[in-house]
1. Add -39500 (n - 2.57) for each DSSP H run of 4 or more in the chain, then divide by its residues: what number comes out at 222 nm, to the nearest 500 deg cm²/dmol?
2. Enumerate the aspartates and glutamates that residue 179 could reach by cross-link, defined here as Cα to Cα under 15 Å, with residues fewer than 8 away along the same chain left out.
3. Give the angle, between 0 and 90 degrees and rounded to the nearest 10, that separates the Cα long axis of helix 428-463 from the longest principal axis of the Cα atoms of the chain.
4. Taking R0 as 22 Å, what FRET efficiency do you get between residue 270 and residue 245 from their Cβ-Cβ distance, rounded to the nearest 0.05?
5. Multiplying the sequence separation of residue 21 and residue 255 by 0.36 nm and subtracting their Cα-Cα distance, what value in nm do you get?
6. To the nearest 20 debye, what is the magnitude of the charge dipole of segment 375-466 about its Cα centre, counting +1 on the Cβ of each Lys and Arg and -1 on the Cβ of each Asp and Glu?
7. Highest first, please rank the peptides 338-350, 434-446 by the mean number of other Cβ atoms sitting within 10 Å of their residues.
8. Expressed as an acute angle from 0 to 90° and rounded to the nearest 10, what is the orientation of the C-alpha long axis of helix 356-422 relative to the principal long axis of the chain?
Amino acid sequence: MHSKRTPVALAAFVALALAGCTTGPDYRRPALDLPPAYAVAASAPQPAETAVLDTAWWSAFGDPQLDALVHDVLANNPDLRIAAHRVEQLDAFLQVARSEQGPQVAYEGQRTRDTLSENRQSPLNRGTQPVDNNYTISGGISWELDLWGKLRRSDESAFANLMAGQEGRRALEMAMVAKAAAGYLRLLSLDMELELLKRSVQVEADTVALAQSRFDSGGSSELPVLHARSVWQQRGAEIPAKEAEIAAMENALGALAGRNPGPVPRARLDALRLPVVPAGLPADLIAQRPDLREREQELVSANARIGIAKAQFYPTISLTSSSGFASNELGKLDQLTSNFGSFGLHFFGPVFSSGRLSGQVREAEALQRQAAVEFLKSVQLALHEVQDALVKRQKTEGQLLLRDENIAVLQRQRDVALRRYELGRDDYFDVLDAERSLASGLQLQNQTRYARADALVSLYKALGGGWSLPAVTATTASTAQSTTSPR
């Protein structure tokens, strides 16, 4: 009767163990104080054709060369490859953590040969052989019953760490892409600076020629010639420095994309298509930022580790079983008389730890509170970054409008000076002065145009992508699901 009841009782005990309670608090997202929308509005309504995808946001600039650069960065950047391998490591750790919830089965085989001395002080008993061979083959099962949820909390923590690793890799991708895009825009701006610098040098060369002509004809002293030549030389010396700056930026972008040093194919800054930012961007767009999702998953993991620490107060209970065959002759190893086995219930637990276990719980709780503050801090920082990028974009938009209007005035001023010179009313020096003013205005226009494009890159980075609301909703839902279930 006892042998028939044992399997039934064991099955009931295992079922009770698998449905046991889980120690520690369940995760709850901290309350976020988010405004309904960002305060800075767009300068114009967003047309339907300018809607930006949350993925491949850089394609909104309409530059195939930039697309190719970003593709190489995502494919070949060594830091991104290291991050991908780290995710593989975390995935393997999750597999290890989950394996602890199942039975562990092992086998063992052994062959020993014992030789006894026949010349020792106490002789061998009659019939005792000095040489003894033993053959053993066995298998065993050990299964820890997760009555208190320690293993489930360990699984939850490992899964959250994996999710944090994946989001960390995406955050690094976002940072690398933004760095590549910003560097590419800076390179285009440097190209324009070099072009305008060469134009300025030519203006100064014309000034030197005109001053020299006047001096040769006796119309002026040599002082204007020397002054004009000095300015021309100073401006000309800026060209090699600018070319070196361009080469350094090309090499930096090449290293970022895993390329060898060399030129970077590119377009012109004034040929880029800059998308219009829609008005009333909702503040919860930052939910798509991978760095914020990484911080939250770290909070989920820290929360689960509280349960792991609290479970140490309870006993660890395991089912153990072993069975095998042993014989001193290999030919008898498979006989039923050589069989041996055991089955048992093993448990152990703490009685007194001098405060070690309670200290571990307090430590886990403190780490969880730190992670919560880090998460809330990251959310606030993200809101400020988006607001700063929106303000910068809006202000550079207005600034560029004034720059464009100023260029129109400067061009008109140059044309009037040239016409008056052709009519003999003014000196050619007035034309050169107008050319200098126009060149300076074009430099400022180029700087503002670059600042406006760079502000868009900063905005994309701050938002974690574009502003396509359906994609954001799907991402948010996926994130919420991943934080509520470790499976």
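The values are calculated or read from the model by the stated rules, or taken from the named source; none is laboratory data. As the structure is a prediction and not an experimental result, all values here were calculated from the model. Cβ atoms come from the backbone with ideal geometry, glycine included; neighbour counts cover every protein chain shown. All accessible areas refer to the heavy atoms of the entire protein, side chains included, with ligands and DNA or RNA removed. Shrake-Rupley method; radii C 1.70, N 1.55, O 1.52, S 1.80 Å.
1. Values: 9 runs with 294 residues, N = 487.
Mean residue ellipticity at 222 nm (helix-derived): -22000 deg cm²/dmol.
2. Candidates past the 8-residue exclusion: 67, 72, 79, 250, 454.
3. Between the helix axis and the principal axis of the chain, the angle is about 20 degrees.
4. Rounded to the nearest 0.05, the efficiency is 0.65.
5. Once the chain is fully extended between residue 21 and residue 255, it gains 78.9 nm.
6. Approximately 400 debye in magnitude.
7. Working: 338-350: 11.5, 434-446: 18.9.
Output ranking for 338-350, 434-446: 434-446, 338-350.
8. Helix 356-422 and the main axis of the chain meet at about 20 degrees.
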